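The values are calculated or read from the model by the stated rules, or taken from the named source; none is laboratory data. Just so we're clear, the structure is a prediction, and the values are computed from it rather than from any experiment. Using ideal geometry, Cβ is built from the backbone for each residue, glycine included, and neighbour counts are taken over all protein chains shown.
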Amino acid sequence: MFKSLIIFYCLFSFLFPQKIIYEKPKYFELKDIISIKQTKIKLPFNLSSLDKNSFFKYNFDDKDYYYLKIKLSDDIPTIFELKDDLDKTNIKFFLIDLNRNGWVGPYSNISNKYQLPKITDRLKSKDILIEIVIDSKNNFINPFSKIINPEIK
């Protein structure tokens, strides 16, 4: 009986695997036509005060793309802490490692039903690009509260 349950589980997991969202940031299509200013910061840094004027804005297909380049002093593991009030927002964002052309995200539909801290995956880079995507009919929302480094005490 136990063997047949294991076989059934294995077959079921092969037939119906979990789907992982894959999406490439728009930046990789636009990087040759847009120039984005760079902001040098030191950790810890409070991002919550940034408004839409701090970002470079690009409009494409009824979506507003907001970009901000961040230059850190060293290649260190960095985590972005998110604001608590993102439950009802229609926002998507990526964190792009400009040194390796890699990224984490997309982050969207961010809820806090378990009351856990909202943080992004760790990114180890000194050159980071934030890409925020918002429908053109909606207002700008800055989803970030601060940048933290788990190694700084």
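Would you please list the contacts, defined by Cβ atoms under 6 Å and residues six or more apart or on different chains, that run from a residue in the stretch 61-76 that is in contact (Cβ under 8 Å) with a residue 24 or more places away in the chain to a residue that is among the polar types (S, T, N, Q) and assigned to a strand (DSSP E or B)?
Listed by first residue and then by second, the contacts come to K69/Q38; I70/T39; K71/Q38.
Identify the residue in the stretch 35-47 that is assigned to a loop (DSSP other than H, G, I, E, B) and surrounded by 13 or more Cβ atoms within 10 Å (Cβ to Cβ) and, among all such residues, is modelled with the lowest pLDDT.
L43
In the stretch 56-78, is there at least one residue being exposed (fewer than 15 other Cβ atoms within 10 Å of the Cβ), part of a loop (DSSP other than H, G, I, E, B) and at pLDDT 85 or above?
Scanning the stretch 56-78, I find at least one residue that is exposed (fewer than 15 other Cβ atoms within 10 Å of the Cβ), part of a loop (DSSP other than H, G, I, E, B) and at pLDDT 85 or above, so the answer is yes.
Restricted to the stretch 86-124, and to residues that are out of contact with any Pro (no Cβ under 9 Å at 6 or more places or on another chain) and small (G, A, S), which residue is modelled with the highest pLDDT?
G102
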